[in-house]
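Student: One structure follows; several queries about it will come next.
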Amino acid sequence: MRTRPLKVALLGCGVVGSEVARIMTTHADDLAARIGAPVELAGVAVRRPDKVREGIDPALITTDATALVKRGDIDVVVEVIGGIEPARTLITTAFEHGASVVSANKALLAQDGAALHAAAERSGRDLYYEAAVAGAIPLIRPLRESLAGDKVNRVLGIVNGTTNFILDKMDSTGAGYQEALDEATALGYAEADPTADVEGFDAAAKAAILAGIAFHTRVRLDDVHREGMTEVTASDFASAKQMGCTIKLLAICERAADGASVTARVHPAMIPLSHPLASVRGAYNAVFVESEAAGRLMFYGPGAGGSPTASAVLGDLVAVCRNRLDGATGPGESAYAALPVSPMGDVVTRYHISLDVADKPGVLAQVATVFAEHGVSIDTVRQQGKDQSSSRSGEAGTEGEASLVVVTHRATDAALGGTVEALRKLDTVRGVASIMRVEGE
């Protein structure tokens with residue numbers, strides 16, 4: 001074993017960073033045995049130097065992250081500060097000064113992954129980021145390495161624990177969205193500002209990363225269609241249960257049937273209770289990968305939290321340190337396919353549409369005609385009276401309302417959008433209460 005330690009600079013010492021530092025200290029002998037050389041925490045860059053950090057030598061703490069990554073004797077920089085800047089500048093500076101980088105920064109990688117990979121290649125250094133997607137779940141390395149000889153056609157999964165916890169609570173208890181969010185916040189699953197999670201930004205960044213790796217194509221955050229789950233209601237869950245389904249916020253990355261393009265999207269969707277993703281409870285994550293040779297693979301586990309994310313960071317750290325000792329680098333960016341990313345309108349799936357309509361003869365025929373005119377085939381229709389008390393018996397000219405639920409066969413998103421727009425113009429349609437895609441069948 002080499003006696004000179006490999007030196008590691010840690011950028012950020014919050015929930016994840018502090019756990020990375022703890023594991024590096026308490027498991028130092030095991031890490032050294034696995035790597036073939038000891039690893040030494042050489043510095044920790046933080047914003048608040050006066051905060052007490054158990055188990056970390058105060059002499060290692062600095063507020064000058066730039067000086068730390070420029071030292072020249074740093075072998076690996078671990079970046080867990082998040083955000084775009086200063087993380088982007090610090091990572092590129094680390095490459096320029098001879099360090100490899102391990103990052104958990106999904107937002108930065110989804111936005112500037114190509115530029116960061118190019119900077120790593122110019123410097124002959126590694127860029128690893130298993131922790132950027134799905135916490136402790138090994139997912140990026142299997143896609144980059146284990147399935148490198150296969151053709152991946154689809155990646156479908158739950159990649160945000162906060163939203164899964166909220167939707168699971170709504171499903172199992174009948175709670176409304178706000179009530180479930182409040183519970184998630186109280187338990188520490190949701191941030192004080194949950195926007196990034198509930199509006200799908202977090203999942204969209206992860207989808208961009210997964211699509212890029214799976215399809216050997218550069219996919220940026222702007223290429224991912226994103227819808228949040230704040231409009232999902234208890235009524236949507238009631239409808240889902242009548243169909244034998246539940247609702248999940250899904251990240252879906254697909255190769256087109258002809259193989260000529262890809263799509264990436266994040267949105268709520270109904271999935272059958274028979275699908276394995278339907279049973280993913282609480283704040284857990286799960287991802288399905290569908291490939292030609294391997295078939296369907298499922299990856300499941302805790303998708304967030306200090307210890308699970310730190311586990312993924314340390315796995316990358318071991319791999320990068322081994323490469324460093326061997327004078328080699330691991331897999332870099334693979335974007336040779338350069339497939340175009342198709343717009344959401346080209347996506348083909350099934351739909352569940354709930355309409356509030358006038359409760360009178362001929363309405364169903366009008367609605368069916370609109371679907372037919374836009375080339376969207378209807379699978380099932382369910383109608384029930386609604387707010388019948390508003391119609392006074394024997395009074396001419398009054399009519400009640402009905403709820404009309406239509407489930408379609410597979411159609412393009414563009415065709416469905418045109419259908420809904422036309423439905424809203426019908427005098428007999430009071431409103432479009434809900435539109436939900438149906439996946440996993």
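The values are calculated or read from the model by the stated rules, or taken from the named source; none is laboratory data. This one's a predicted model, so the numbers in the text were calculated from it and none came from an experiment. For neighbour counting, all protein chains shown are included, and Cβ atoms are generated from backbone atoms with ideal geometry for every residue, glycine included.
Student: Checking Asp50 against (1) of a type outside the set (Ser, Thr, Tyr); (2) part of a loop (DSSP other than H, G, I, E, B); (3) in contact (Cβ under 8 Å) with a residue 24 or more places away in the chain; (4) surrounded by fewer than 17 Cβ atoms within 10 Å (Cβ to Cβ), only one condition comes out false. Which one?
Tutor: Only one criterion is unmet by Asp50, namely (3).
Student: Out of the residues in segment 189-204 that are of a type in the set (Gly, Ala, Ser) and under 19 Å from Val159 (Cβ atoms), which is surrounded by the fewest Cβ atoms within 10 Å (Cβ to Cβ)?
Tutor: Ala196
Student: Please verify whether segment 248-269 includes one or more residues that are under 22 Å from the mean Cα position of the chain (by Cα), in a helix (DSSP H, G or I), surrounded by 17 or more Cβ atoms within 10 Å (Cβ to Cβ) and of a type in the set (A, V, I, L, M, F, W, C). If you could, list the steps in order and put the result at the bottom.
Tutor: Of the residues in segment 248-269, the ones under 22 Å from the mean Cα position of the chain (by Cα) are 248-256, 261-269.
Those left that are additionally in a helix (DSSP H, G or I): none.
No, segment 248-269 contains no residue that is under 22 Å from the mean Cα position of the chain (by Cα), in a helix (DSSP H, G or I), surrounded by 17 or more Cβ atoms within 10 Å (Cβ to Cβ) and of a type in the set (A, V, I, L, M, F, W, C).
For every residue, the table says whether it meets (1) of a type outside the set (Gly, Ala, Ser); (2) under 23 Å from Tyr351 (Cα atoms).
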{"site": "Asp168", "(1), (2)": "yes, yes"}
{"site": "Asp171", "(1), (2)": "yes, yes"}
{"site": "Leu181", "(1), (2)": "yes, no"}
{"site": "Asp202", "(1), (2)": "yes, no"}
{"site": "Ile209", "(1), (2)": "yes, no"}
{"site": "Phe215", "(1), (2)": "yes, no"}
{"site": "Leu221", "(1), (2)": "yes, no"}
{"site": "Val224", "(1), (2)": "yes, yes"}
{"site": "Ser239", "(1), (2)": "no, yes"}
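Student: Take segment 94-139 and flag every residue that is in a helix (DSSP H, G or I), over 22 Å from the mean Cα position of the chain (by Cα) and among the basic types (Lys, Arg).
Tutor: Initial filter on segment 94-139 (in a helix (DSSP H, G or I)): 94-96, 106-123, 130-132.
Now narrow it down to the ones that are over 22 Å from the mean Cα position of the chain (by Cα): 94-96, 118-123.
Arg122 - this is the single residue of segment 94-139 that is in a helix (DSSP H, G or I), over 22 Å from the mean Cα position of the chain (by Cα) and among the basic types (Lys, Arg).
Student: List the number of the failed condition for Ala365; all other conditions in (1) within 30 Å of Pro5 (Cβ to Cβ); (2) part of a helix (DSSP H, G or I); (3) not acidic (Asp, Glu) hold.
Tutor: (1) is the only condition that Ala365 fails.
Student: At pLDDT 95 or above, buried (at least 21 other Cβ atoms within 10 Å of the Cβ) and out of contact with any Lys or Arg (no Cβ under 9 Å at 6 or more places or on another chain): which single residue out of Leu68, Leu6 fits that description?
Tutor: After applying the criteria, what remains is Leu68.
Student: Given the conditions (1) surrounded by fewer than 24 Cβ atoms within 10 Å (Cβ to Cβ); (2) modelled with pLDDT of 95 or more; (3) closer than 25 Å to Ala196 by Cα, report the number of the one that Gly149 does not fulfil.
Tutor: Only one criterion in (1) surrounded by fewer than 24 Cβ atoms within 10 Å (Cβ to Cβ); (2) modelled with pLDDT of 95 or more; (3) closer than 25 Å to Ala196 by Cα is unmet by Gly149, namely (3).
Student: State the number of residues belonging to segment 53-92 that are in a helix (DSSP H, G or I) and under 27 Å from Gly113 (Cβ atoms).
Tutor: Total meeting the criteria: 11.
Student: Also, I was wondering about something else. Report the residue count in segment 343-368 for those that are among the polar types (S, T, N, Q) and closer than 14 Å to Leu423 by Cβ.
Tutor: Summing the residues that are among the polar types (S, T, N, Q) and closer than 14 Å to Leu423 by Cβ in segment 343-368 gives 2.
Student: Within the group Ser393, Ser403, which residue is modelled with pLDDT under 95, farther than 21 Å from Ile252 by Cβ, small (Gly, Ala, Ser) and outside any strand (DSSP E or B)?
Tutor: Among Ser393, Ser403, only Ser393 is modelled with pLDDT under 95, farther than 21 Å from Ile252 by Cβ, small (Gly, Ala, Ser) and outside any strand (DSSP E or B).
Student: Pick out the one residue from Val320, Val289 that is in contact with a helix residue (DSSP H, G or I) (Cβ under 8 Å, 6 or more places away or on another chain), modelled with pLDDT of 95 or more and surrounded by 15 or more Cβ atoms within 10 Å (Cβ to Cβ).
Tutor: The conditions single out Val289.
Student: Quick check: anything in segment 18-26 modelled with pLDDT of 95 or more, part of a helix (DSSP H, G or I) and touching a Cys at 6+ places or on another chain (Cβ under 8 Å)?
Tutor: For segment 18-26, residues modelled with pLDDT of 95 or more, part of a helix (DSSP H, G or I) and touching a Cys at 6+ places or on another chain (Cβ under 8 Å): present.
Student: May I pose another question? Of the residues that make up segment 237-258, is at least one free of Cβ contacts under 8 Å to residues at least 24 places away in the same chain and either closer than 19 Å to Leu339 by Cα or aromatic (Phe, Trp, Tyr) (or both)?
Tutor: Yes, segment 237-258 contains at least one residue that is free of Cβ contacts under 8 Å to residues at least 24 places away in the same chain and either closer than 19 Å to Leu339 by Cα or aromatic (Phe, Trp, Tyr) (or both).
Student: With the structure loaded, tell me whether Ile91 is in contact with a Ser or Thr (Cβ under 8 Å, 6 or more places away or on another chain), modelled with pLDDT under 95 and either of a type in the set (Val, Ile, Thr) or assigned by TED's automatic domain parsing to the domain that holds Tyr284 (or both) or whether it fails that test.
Tutor: no
Student: Identify, please: which residue in segment 213-230 is aliphatic (A, V, I, L, M) and not in a loop (DSSP other than H, G, I, E, B) and is, among those, nearest to the chain's Cα centre (by Cα)?
Tutor: Leu221
A quick yes/no check of all residues on (1) among the hydrophobic types (A, V, I, L, M, F, W, C); (2) in a strand (DSSP E or B); (3) not assigned by TED's automatic domain parsing to the domain that holds Asp30:
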position: Val313; (1), (2), (3): yes, no, no
position: Leu317; (1), (2), (3): yes, no, no
position: Cys321; (1), (2), (3): yes, no, no
position: Ser334; (1), (2), (3): no, no, yes
position: Tyr351; (1), (2), (3): no, yes, yes
position: Asp356; (1), (2), (3): no, yes, yes
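Student: Exactly one of (1) in contact (Cβ under 8 Å) with a residue 24 or more places away in the chain; (2) over 19 Å from Phe215 (Cα atoms) is unmet by Asp346. Its number?
Tutor: (2)
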